[in-house]
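Novice: One structure coming up, written as structure tokens, with questions to follow.
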Amino acid sequence: MSRVHSGQEAVIPGAPVFVFGSNLAGRHGKGAALWARQHRGAIYGQGIGKQGNSYAIPTKDERLRPLPLPMIRGFVGEFLMFAEKYWMHQYQVTPIGCGLAGFTPEQIAPFFRGAPDHVQLPPEFVSVLVATGDLITAGNEARQGGVNPK
């Protein structure tokens, strides 16, 4: 049985919010979701949104089957609106959906097109967005262009 907590124990001052792929049942039992539960306050049983110093984006349903891509796009859009509203925080996005859910970066990365500068994307997503012209590199940094698809 999991220990129930408020999620506040893992709020680390100055650390970016850890953004991970989850399932709608909130069973954070493997991969980045388990790490978020163990280290960043993700709450077992909560599959969506901010929890401690983490943010869950569902990529699987309650029965742990991959969600349709349009649903994932919607959850990514909700996250990006949240990140815009809470612009004072940094967000570290993992390659959501590209592990246990079985999607590729080419399928998921475009959903993050137009993400604000304080949202740090994983290298797998940056590579896809640069290749498609949705990120413009300047020196050592990648700058995002385009708009977020709805």
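The values are calculated or read from the model by the stated rules, or taken from the named source; none is laboratory data. Keep in mind the model is a prediction, meaning the values are calculated, not measured. Cβ placement follows ideal geometry from the backbone for every residue including glycine, while neighbour counts extend to all protein chains displayed. Heads up: the accessible areas ignore ligands, DNA and RNA and are worked out on the full protein's heavy atoms, side chains in. Shrake-Rupley method; radii C 1.70, N 1.55, O 1.52, S 1.80 Å.
Novice: Residue 57: over 21 Å from residue 116 (Cα atoms) and either open to solvent by 10 Å² or more (accessible area, probe 1.4 Å) or at pLDDT 95 or above (or both), yes or no?
Specialist: When the stated conditions are applied, residue 57 does not pass them.
Novice: Let me ask you something else. Filter region 79-117 down to residues that are in contact (Cβ under 8 Å) with a residue 12 or more places away in the chain and closer than 24 Å to residue 34 by Cα, then give me how many there are.
Specialist: Residues meeting the conditions: 25.
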